[in-house]
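Computed from the coordinates by the stated procedures, all read-outs in this text should not be read as laboratory data. Not measured: the values here are computed from a predicted model. Cβ atoms come from the backbone with ideal geometry, glycine included; neighbour counts cover every protein chain shown.
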Amino acid sequence: MDTSNDAAPGPAPVWFRYLAKACSRSKRHPVARYAQLATVDADGAPRCRTVVVRGLVEAPRGVWFVTDARSGKAEELAREPRVELCWYFAGLREQYRLRGRVEELDEAAREDAWARLSPSSRGTFLWPPPGTPRTDDDMFPPETRGTTPVPCFRALRLVADAVDFLSLRDAPHERVRWTRDATGEWNDVRVRP
Ligand SMILES: Cc1cc2nc3c(=O)[nH]c(=O)nc-3n(C[C@H](O)[C@H](O)[C@H](O)COP(=O)(O)O)c2cc1C
């Protein structure tokens, strides 16, 4: 997906190529799209939950996902956009920990993201605000075919500035850390697993 108007990407860093390959090799396994997103709450305490990674972002390098602006994580991200996403590909025994900042996608990408959701996933954005007390007269529309994103729909990207890769495939395990420097170059260091 073209998620932004950012400049064309340079050559993909190795971690991005690994991740693209892991996604492609796991295509048939929907569970491989689930990753855990960690944020920090108003008290400085960690919060963590599963999100569906909707795809990789070429420029700047990262991943994108969707959420509800009324959710706890949206409030946390507004205060502290720095996050870590932990993504494990069980079939490949590979873990990717992406650190970086979360940003909103532009409106065209947001509309495209909405269009890609199933009607039932779109419907969840018409449900009452997540995390608030449930009542007997709550309405939970099973789906919507509306083509315009509802106001609470957020399409976000994680712009990575550090990646920690761990492969359990062989013994000893393989672990590599990448960091992006001020010039945008990615540097790697192979570390003990
Ligand atoms: C398999 C799975 C996939 C999920 N995908 C998403 C998602 O893509 N976006 C999202 O906001 N919540 C998703 N959720 C729900 C979140 O994990 C979480 O329960 C909800 O967003 C409220 O979290 P919060 O209060 O920390 O914001 C998913 C949950 C599961 C179990």
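Here are a few things to note about the model shown:
- Against the main long axis of the alpha-carbon atoms of the chain, helix 107-116 sits at an angle near 80°.
- Close amide H pairs (under 5 Å, H built 1.01 Å from N) link Glu84 with Ala38, residues at least 5 positions away or on another chain.
- The charge dipole of the chain, taken about its Cα centre with unit charges on the Cβ atoms of Lys, Arg (+1), Asp and Glu (-1) only, comes to about 900 debye.
- P(r) weight above 16 Å for segment 103-181, C-alpha pairs, percent: 67
- This model, with +1 at the C-beta of Lys and Arg and -1 at the C-beta of Asp and Glu, gives segment 38-107 a dipole about its Cα centre of some 360 debye.
- Modelled spin-label separation between Ala162 and Arg134, with each label point placed 7 Å from Cα along the Cα-to-Cβ direction: 3.9 nm.
- Hull volume in cubic angstrom per residue (convex hull over the Cα atoms of segment 4-88): 115
- Label-point gap, in nm, between Arg49 and Cys152 - each point 7 angstrom along Cα→Cβ: 1.1
- Between Asn187 and Leu126, full extension at 0.36 nm per residue minus the direct alpha carbon distance yields a gain of 17.6 nm.
- Farthest towards the positive end of the charge dipole of the chain, among the residues Ser26, Leu105, Thr148, is the Cα of Ser26, using unit charges on the Cβ of Lys, Arg, Asp and Glu.
- Seen from all directions on average, segment 53-193 presents a Cα convex hull projection of 11.1 nm².
- A simple rule links phi to the HN-Hα coupling: the Karplus curve 6.51 cos²θ - 1.76 cosθ + 1.60 with θ = phi - 60°, which for segment 140-151 gives 10, x, x, 6, 9, 9, x, 8, 9, x, 6, x Hz, with x for Gly and Pro.
- Helix axis angle, 14-25 relative to the chain longest principal axis, alpha carbon, degrees: 60
- Calculated FRET efficiency for the pair Cys86/Ala59, C-beta based, R₀ 25 Å, to 0.05: 0.60
- Cut-off 18 Å, label 7 Å out along Cα→Cβ of His29, residues of segment 172-191 by amide N: 174
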